[in-house]
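Peer 1: Below is the structure I would like to discuss, written out as C-alpha cells.
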Amino acid sequence: MASDQNALSEPLKSKLFGPGPKRILSLDGGGVRGILAAGILGELERRLKRRSGKADFRLSDYFDLIGGTSTGSIIAAALAMGKTADEVTALYHELAPTVFGESESAGIRRPRFDADRLDAALKREFGDHELGSPALRTGFAVFTKRIDTGSAWTLTNHPGSKFWDGPPGGVPNKRFQIRKLVLASAAAPTFFEERTIDLVPEGEPVPPGADVRGDFVDGGVAGLNDPSLQLLKVATLKQYGFNWGAGDDRLMMISVGTGYWRPALRFDTLHAQLLHSIAPTAARAVFALESMIHDASLNTLVTMQALSASPKPWRINGEIEDMRGAMLSPMPVLHFQRLDARLDDAKEIERLGLRYQPAALEAMRELASADAATLAGLHEIGRSVAEDYFRRRTKDEPDWEEAILPERFDPAWFTGPPQGPARSRLEAMGRIFNRGTKK
C-alpha cells in the first residue's frame, strides 16, 4: 500500500491519511430527483465558499469523503472530480430529456429506458477515469448490488481497501472505471437493465473457477439507498482502510436526500398505471420494492440520529418524533445532519414560500421525468429547503450555520468565521485573532 499512497496527490493524501477532523458527504438515490439534491448542495457550497475565502471553491475542497448510491453516485463522482453544484444541476438538465424521455415499455419484457444513453452522457462527464485516477480530488465511495452472487459491493478510492490491488486473478478495484461503477449503482430494476462488469483483466488468462463477469443492480436494492450508515462504517472500520477516529469533534457527516414522502398504495391511481394494466401482480411487486427501500432508508436515518446529536433532527414518525435527546451511545459517535425536503406536505412547501399544486408535487416524486417544469420545481425546492435549514427566524435561535457546519470542522486554510457581521467590537477582535491563529 505504501507505493500507492506515495502515488497520490498531496491534497488527496492529506484527505485520506492526514490528521485532524474529517468531513463526509452522503448522497441518496432517487433518479431525476437528484436535481433536488443539487439545489441543496448549491446552498451548502455557497456558504462554505464564503467561509473558505477561495474564489474557485468546490465541495471536494471541504469534504474528505463523498459517497452516493444510484443517482447519488452520479453526483458523488461529479463532486469528487471537482465539479460545482451548478455543473451538477446542468448535468441533470442534460440527462433528463436524453435518458428519461417518453418510454413505451412498462419495464416487464424490457427496461423502461436505454442505459446506453446514460452511459454516453456519463462518458462525456467522467471519461474512462479509473477508481485510482488522480481525477478524483477527494475520497470517493460508490455502492451497488451484485445479483449473481447476492453480495452488496462497497468500492472506494482508498489504497488501503482490501481489494485495491485485486483478488487473485481478478481486476484490482483501482482499475474499475468510475463510469461503469456509477452505471452499476444506478441500474434500478425495471428502469435499466442490470450492468455487467468484467472481473478479469482484459487479455489475461482466466484462473480456474474464477468469475469472469459480474451482474450488478442499483445499490438501493441492497438497502443502501441512503448510504450514510455504510459510509460511517467505511470511515471508521479498519477493514475499509480509512480507519478514521469517531467522535463529535472528529467526524462530521452531512446527509443529503432527494425528497421525502411516505409511500402508500393508492388503489384510486393504481389502475391508471401502464405497468398495472399489463401485469397487476408485477405492479404490486414494484411498489413493495419501493416501499422496502423507503423503510430501509428511514431505518438508516433513525440509526444515524441515534448515534449523534443532530442540530435539526429529521422527524421520523408520530411514535418517536424527531428523536431529540434519544441516543444509542453515551457520547455522540459523530456530528450528523440530514438535509432533505418533504414532497408530501403542501403546508411545508408553502412555509418555504413556494406554491405548487398537488399534481405538480406528485409528478416530482417520480424517479424519471423529462418535464422541464418538474425539474425546475425540484431544484427550487432543494435550494429553498437548504436556505430554510440555515435561516435564523428570531434572535433567540442558534446560529444554524455554526450549529450544522461547526467551525471546529473548518479546514485550516479557511479564512473566515461562519457568522455574519460582528455584533460587538469584542467579537470582531476575537475573529481577527482566530483568523490569525489558523494560518
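Peer 1: In the range 131-163, whose amide N lies under 17 Å from the spot 7 Å out along Cα-to-Cβ of residue 9? List them in ranges.
Peer 2: Those under the cut-off are 131-141, 157-159.
Peer 1: Ordered by packing density, taken as the mean number of other Cβ atoms within 10 Å over each peptide's residues, highest first, how do 137-147, 319-329 rank?
Peer 2: The packing order, highest mean first, is 137-147, 319-329.
Peer 1: Which percent of the accessible area of the range 109-264 is formed by carbon and sulfur heavy atoms (probe 1.4 angstrom)?
Peer 2: 47 percent
Peer 1: Can I ask one more? How would you order 8-19, 225-236, 62-73 from highest to lowest mean count of nearby Cβ atoms within 10 Å?
Peer 2: Order by mean packing, descending: 62-73, 225-236, 8-19.
Peer 1: By the gyration tensor of its Cα atoms, with a ≥ b ≥ c the square roots of the eigenvalues, what is the shape of the range 54-203: rounded for a/c under 1.5, prolate for a/b over b/c, or oblate?
Peer 2: Here the range 54-203 falls in the oblate category.
Peer 1: Let me ask another. Taking amide H positions as placed in the peptide plane 1.01 Å from N, state which residues far from residue 338 in sequence (5 or more) or on other chains have amide H under 5 Å from it.
Peer 2: When sequence neighbours closer than 5 places are left aside, the close amide H contacts are 255, 314.
Peer 1: At 7 Å along the Cα-to-beta-carbon direction for both residue 202 and residue 321, put a label point, then send me their distance in nm to one decimal.
Peer 2: Between residue 202 and residue 321, the simple spin-label model gives 5.9 nm.
Peer 1: If the limit is 31 Å between Cα atoms, which of 83/233; 15/347; 13/395; 13/49; 15/123 go over it?
Peer 2: 15/347; 13/395
Peer 1: On to the next question. List the relative contact order of the range 280-412 as a percent without decimals, with contacts defined as Cα pairs under 8 Å and 6+ residues apart.
Peer 2: With pairs under 8 Å counted, the relative contact order is 19 percent.
Peer 1: Cut-off under 15 Å on the C-alpha distance; same-chain residues fewer than 8 positions from residue 174 excluded. Which aspartates and glutamates are left, in chain and number order?
Peer 2: Straight-distance partners of residue 174: 4, 128, 130, 165, 198, 202.
Peer 1: Taking K and R as +1 and D and E as -1, what net charge do the other residues with C-beta under 12 Å from the C-beta of residue 163 add up to?
Peer 2: Computed value for this residue: +2.
Peer 1: Listed highest first by mean packing, meaning other Cβ atoms within 10 Å per residue, what order do 44-51, 336-343, 161-168 come in?
Peer 2: The most tightly packed comes first, giving 336-343, 44-51, 161-168.
The values are calculated or read from the model by the stated rules, or taken from the named source; none is laboratory data. Just so it is clear, the model here is predicted, and its values are computed rather than measured. Here the Cβ is made from the backbone with ideal geometry for all residues, glycine too, and neighbour counts use every protein chain on show. Surface accessibility is based on the protein's heavy atoms, side chains included, excluding ligands, DNA and RNA. Shrake-Rupley method; radii C 1.70, N 1.55, O 1.52, S 1.80 Å.
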